[in-house]
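Structure, as structure tokens:
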Amino acid sequence: MTEPATSASFWEHFSTRLLTQRRLRAQAVVLVICFWGVLIVDFATPGLFDRAGNIKFQDFLPLYISGHLVAEHRAIDLYNRGVQQTEIHSLIHESPRVDVPYLYGPQVGLVVRPFAKLAFPAAARLWVCLSLLVCFLCVYAIWSRCPNLPSHPYFIVLATLAFPPLFHFFIRGQLSVLVLVCFTTAYLAMREDRHWFAGIALGFLAFKPQFLVAIPLILLLARAWSILAGLLLSSSLQLAFARVYFGPEVMSSYVGMLLRMPAWIDIAELPLASIQMHSLRSFWTLLIPIPQITFALYALSSVAVIWIAVIIWKSPSPIPLRFAALTLAAVLINPHIFVYDLLVLAPALMLLVDWCLANDRHASVQTLELLAYLAYVLPLFGPLARWTHLQLSVIVFVAILWRLRRMPLSQLSPNC
């Protein structure tokens, strides 16, 4: 009788059969055709509405309105739902299907203010096209510094276009690319041992403060003082500038909105909010919809994720693996991270794959490759959680962290 297959040989066999370059390319081609074909058909209608009756590039609408309000020196109305709805009606001349409240700091209105000079359809198209260009520049910046990735740039472009969060970010006109820029810049700075500058880049995430729930705690506990100092300085200066420029009353309204964020999310997304999120909070909300128990489990699991991330950061692991762990922890503990914001995982997944290619004989490679593949594709199946009440992507994110924590670091390739 033959010996039963070990767990390691099972993962090696499974990942070798599944993750061939030919299969991955074929899957990417199918996803690109499906995603962008649907987009072309859905948006090939005249006017502001797509075939489903939704506003095209819907999430850009509150950003566009914020640019108008800032240009008209009416920033005090940024967080007034009545004013927002009036502005929306003046643009589309009929009631939208959903509310689209403004959920960002007032300083973001300054960024989009130039776009407010154009009509909304033109401004939205320009925004998403420029955002897509910046996204590819970030991917190129990471890929060009990953010497172990295959030298097939067309496959990288194809895989980027097939990444589910990229499609969601584009079709909704979101600003996730700005978050991607912060993470990409931070990694490039860490790679050059410019830790202070890396912290400054991460501090710019203050415009989306839910991304800064985990990162400062991890850096503090890991005693990464230079990065932490840069982060605190950058975020503090950004908020101080916003307070001086817009005034204390506007900032008070902004803080009030942040404290009522769950209510605003429910208004904007209705009952579909939780299945579009990919964090520990949404995971427990879907699995056990009892608020007290959900919060307790979210808090306990967040502590565990921070602990794992701190251990990885303090270990002798190479910078790419530590940065990937930091990114995954920021995603998991983020209380309100929707599928389009998973765009920030692109650098982390590329770095993980690059490491696997450099260490193809390492005991953890096959498992890590498969988990990276699942982290890439599972956001596509998030809506299934509406019936299963199980967000599989979150389980995979945690599994990657755990694998990085348990990974033996002997015999690592220096070129990673």
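No value in this document is a laboratory result; all are computed from the given coordinates. Predicted, not measured: the structure shown is a model, and the values here were computed from it. Note that each Cβ is placed from the backbone with ideal geometry, even for glycine, and that neighbours are counted across all protein chains shown.
Here are some notes:
- Applying the criteria of a DSSP loop state and at most 16 other Cβ atoms within 10 Å to the trypsin sites (Lys or Arg not before Pro) of segment 215-260 yields Arg223, Arg260.
- Qualifying trypsin sites (Lys or Arg not before Pro) in segment 299-400, DSSP loop, other Cβ atoms within 10 Å at most 13: Arg361
- Each Lys or Arg adds one and each Asp or Glu takes one away; over the other residues whose Cβ falls under 13 Å from the Cβ of His68, this sums to 0.
- Other residues with beta-carbon under 14 Å from the beta-carbon of Ala222 carry, at +1 per Lys or Arg and -1 per Asp or Glu, a net charge of +4.
- The chain - convex hull of the alpha-carbon atoms, volume per residue in Å³: 154
- Placing a pseudo-label 7 Å from each Cα along the Cα-to-Cβ vector at Val134 and Ala71 gives an inter-label distance of 1.8 nm.
- Neighbour-count order for Ser393, Ser274, Ser252, Ser226, fewest beta carbons within 10 angstrom listed first: Ser252, Ser226, Ser274, Ser393
- Using C-alpha pairs under 8 Å with a sequence gap of at least 6, the mean separation divided by the residue count of segment 26-406 gives a relative contact order of 18 percent.
- Label separation (Ala44 vs Leu259): 5.1 nm, computed from points 7 Å beyond Cα along the C-beta direction.
- Phi angles across segment 380-392 convert, under the Karplus curve 6.51 cos²θ - 1.76 cosθ + 1.60 with θ = phi - 60°, into 3J(HN,Hα) values of 5, 9, x, x, 4, 4, 4, 10, 7, 6, 9, 8, 5 Hz, Gly and Pro given as x.
- Note, ³J(HN,Hα) from phi for segment 112-120, Karplus 6.51, -1.76, 1.60, rounded to Hz, x at Gly and Pro: 8, 3, x, 6, 5, 6, 9, 5, 4
- Qualifying GluC sites (Glu not before Pro) for segment 52-150 [loop in DSSP, other Cβ within 10 Å: at most 16]: Glu72, Glu94
- What separates the Cα centres of segment 30-108 and segment 338-392 is a distance of 30 Å.
- A straight chain from Phe241 to Tyr154 at 0.36 nm per residue would run longer than the Cα-Cα distance by 27.1 nm.
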